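Please read the structure below before turning to the comments.
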Amino acid sequence: MKTIKKKIDLTDKVAYMGTGVLLVAPYLVSYQIGFVLLALGIAMLTPQVYKAKQWNLVLLNISSVIGYTLQVFNVI
């Protein structure tokens, strides 16, 4: 019985790490580091959706990163 191994490329690895960051970030959102982690996690997911050509998610991720980054600096 053969097993099929799929090679996981760099964008998938970064997306897995971004998902892990996003799992932790909501619990820290009352602190400034929570918004930093949210922006970082979303930014780490963006290359995967760009590679999949899911342009609506690319735009949503970019706007989310901008929004969370502005929140870090209390601009909005």
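The values are calculated or read from the model by the stated rules, or taken from the named source; none is laboratory data. Remember, it's a predicted structure, so these values are computed and weren't measured experimentally. For neighbour counting, all protein chains shown are included, and Cβ atoms are generated from backbone atoms with ideal geometry for every residue, glycine included. SASA here: full protein model, heavy atoms, side chains in, ligands and nucleic acids out. Shrake-Rupley method; radii C 1.70, N 1.55, O 1.52, S 1.80 Å.
Number of residues in the range 35-76 that are in a loop (DSSP other than H, G, I, E, B) and either more than 18 Å from residue 17 (Cβ to Cβ) or in contact (Cβ under 8 Å) with a residue 24 or more places away in the chain (or both) equals 6.
Take the residues in the range 6-15 that are in a helix (DSSP H, G or I) and either in contact with a helix residue (DSSP H, G or I) (Cβ under 9 Å, 6 or more places away or on another chain) or under 22 Å from residue 74 (Cβ atoms) (or both); name whichever of them is most open to solvent (accessible area, probe 1.4 Å).
Only one residue tops the list, namely 10.
Annotation note: Cβ proximity below 7 Å between a residue of the range 6-30 that is within 20 Å of residue 47 (Cα to Cα) and in contact (Cβ under 8 Å) with a residue 40 or more places away in the chain and a residue that is of a type outside the set (Val, Ile, Thr) and part of a helix (DSSP H, G or I) (sequence gap 6+ or interchain) occurs for 11/47; 11/48; 11/51. Selection within the range 25-34: residues that are open to solvent by 50 Å² or more (accessible area, probe 1.4 Å), part of a helix (DSSP H, G or I) and of a type outside the set (Val, Ile, Thr). The member of this set that is nearest to residue 11 (Cα to Cα) is 26.
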